1. Hey, residue 130 hits all of (1) in a loop (DSSP other than H, G, I, E, B); (2) under 19 Å from residue 336 (Cα atoms); (3) within 21 Å of the chain's Cα centre (by Cα) but one; which does it fall short on?
2. Which condition from (1) farther than 25 Å from residue 241 by Cα; (2) in contact with a helix residue (DSSP H, G or I) (Cβ under 7 Å, 6 or more places away or on another chain) is the one that residue 190 breaks?
3. Checking the conditions here, which among 322, 327, 334 is within 19 Å of residue 49 (Cβ to Cβ) and in contact with a strand residue (DSSP E or B) (Cβ under 9 Å, 6 or more places away or on another chain)?
4. Out of (1) in a loop (DSSP other than H, G, I, E, B); (2) farther than 21 Å from residue 162 by Cβ; (3) free of Cβ contacts under 8 Å to residues at least 60 places away in the same chain, the odd one out for residue 221 is which?
5. If residue 114 passes every condition in (1) surrounded by fewer than 24 Cβ atoms within 10 Å (Cβ to Cβ); (2) in a loop (DSSP other than H, G, I, E, B); (3) under 24 Å from the mean Cα position of the chain (by Cα) but one, which one does it miss?
6. So, of the residues in segment 269-281 that are part of a loop (DSSP other than H, G, I, E, B) and out of contact with any helix residue (DSSP H, G or I) (no Cβ under 9 Å at 6 or more places or on another chain), which turns out to be surrounded by the most Cβ atoms within 10 Å (Cβ to Cβ)?
C-alpha cells in the first residue's frame, strides 16, 4: 500500500546516524565561551561548507541552494559585510574536516555547515582546537554541544511545541507510536521526554518494524494500548512517505477514531500535498514553521534566482542572519558561544529561532490541523521567545 524507498533510508541514515563511532566529539574539545574576536571594522570572514562534489546531483543542487540563500541573507545585513568563502565537502566526514581546517587557515572566524551529521561532527572537531564555532545544517542532536550548534529543526523542538499545545487543549494522556528504525526511536525518545517536561502522561509506546506487514501487525496492539490506558491522543512518528497513510487508514478501521482520539504527527503532514486528501489525517495536528515568514523567504529567493528554494536552503539564510545581527552591535566577541546563545534569538527565513547552550536550536513553530483537505493554522507561530509554546 505504500513504498519504503531505499533512497529515503539512505538519506535518513546520513542525517541522523549516531556519531559515537567517530571516537572524538567536538563537544569534548571545545573550550566553553570559545569564539575568535572579530575586527568590527572589517568584513566578517565566514566559511560555508556545502556537500558539493559527492557525485550525487541532489547534493550539488542543495549546495547551490545553500550558497544562494546565504548570499541572499547578506543583502539585508544593515551595513555589516560578510566575507563568504565556500568550501565543498563531498558529503564526506574526512573531507569536511580537511576543509574546515583549510577555512580556518584562510581566516574563517565561524563555519556554516556542513549538512550531514558525521561531516558536521568532523568539522567541529577540526575547528575546536582553534576555538571556532560551527553552525551545522544537521538536525542530529547527538553531535550538538561545545563548539557545534545544529540549525536544523529537531524532533525535541517539534515534540515540545506539540505536547505543550496538546496539554493546553486538555489532551494529556498520550500513546506514542513509532517505527523501530533510528529515526523512529529518536522520535519516540523526543516525544516521551517532552511528555515528561510538559506535565502530560505517557499512556504507552508501541513500535513497529519499518515494513508494511510490521505496521499492519502493530495496529491491534495500538488499539489495545489506547483502550487500556484510556488515552486521549496518539502521537505518530510516521511520515507521509513511510507509514502515515496506512496508519491513519487502519487505526480508525480498528476503532481508534480521530474524532475521539487526537492524532498528532511529529512530521509535517502537508508534504506531499496529496497527504491532505487522506480521510485519516483530517483533524490531526502537526507543527510547521511560520507560514508567513516562510512564504516571504520563498518569494524573495524565487525573485532572486528564478526557482523555488530547496527546503533546507533557509538554514544558510538563518546562519548569515544570526551572524549579521550579532556583528551589527560592534562587539568583537559577537561570535563567541555566549553571544550565539543569546536568549532573544534571531529572525530567520522561517521565523524566530535561537541557539541553546547544549548546541541544539529552538524554533518558533505554528500548530496546524487538516480541515476539508486543507491546512488550517490553529495556533500561530510565536513572534518572540516567551510566547506560545515556549
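The values are calculated or read from the model by the stated rules, or taken from the named source; none is laboratory data. Every value quoted in this text rests on a predicted model; they were computed, and no experiment measured them. Note that we place each Cβ from the backbone using ideal geometry, even for glycine, and neighbour counts take in every protein chain shown.
1. Failed condition: (3).
2. (1)
3. Numbers: 327 fails: within 19 Å of residue 49 (Cβ to Cβ); 334 fails: within 19 Å of residue 49 (Cβ to Cβ).
Among 322, 327, 334, only 322 is within 19 Å of residue 49 (Cβ to Cβ) and in contact with a strand residue (DSSP E or B) (Cβ under 9 Å, 6 or more places away or on another chain).
4. Result: residue 221 passes all but (1).
5. Against the list (1) surrounded by fewer than 24 Cβ atoms within 10 Å (Cβ to Cβ); (2) in a loop (DSSP other than H, G, I, E, B); (3) under 24 Å from the mean Cα position of the chain (by Cα), residue 114 comes up short only on (1).
6. Filtering segment 269-281 down to residues part of a loop (DSSP other than H, G, I, E, B) leaves 269-272, 278.
Still in the list and also out of contact with any helix residue (DSSP H, G or I) (no Cβ under 9 Å at 6 or more places or on another chain): 271-272.
Values: 271: 14, 272: 8.
Taking the candidates together, the pick is 271.
Yes or no, residue by residue, for (1) modelled with pLDDT under 95; (2) surrounded by 18 or more Cβ atoms within 10 Å (Cβ to Cβ); (3) not in a loop (DSSP other than H, G, I, E, B); (4) not assigned by TED's automatic domain parsing to the domain that holds residue 311:
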position: 53; (1), (2), (3), (4): no, no, no, no
position: 59; (1), (2), (3), (4): no, yes, yes, no
position: 73; (1), (2), (3), (4): no, yes, yes, no
position: 76; (1), (2), (3), (4): yes, no, no, no
position: 100; (1), (2), (3), (4): no, yes, yes, no
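Table: residues versus (1) more than 17 Å from residue 360 (Cα to Cα); (2) assigned to a helix (DSSP H, G or I); (3) not assigned by TED's automatic domain parsing to the domain that holds residue 266.
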residue: 124; (1), (2), (3): no, yes, yes
residue: 135; (1), (2), (3): no, no, yes
residue: 159; (1), (2), (3): no, yes, no
residue: 163; (1), (2), (3): yes, yes, no
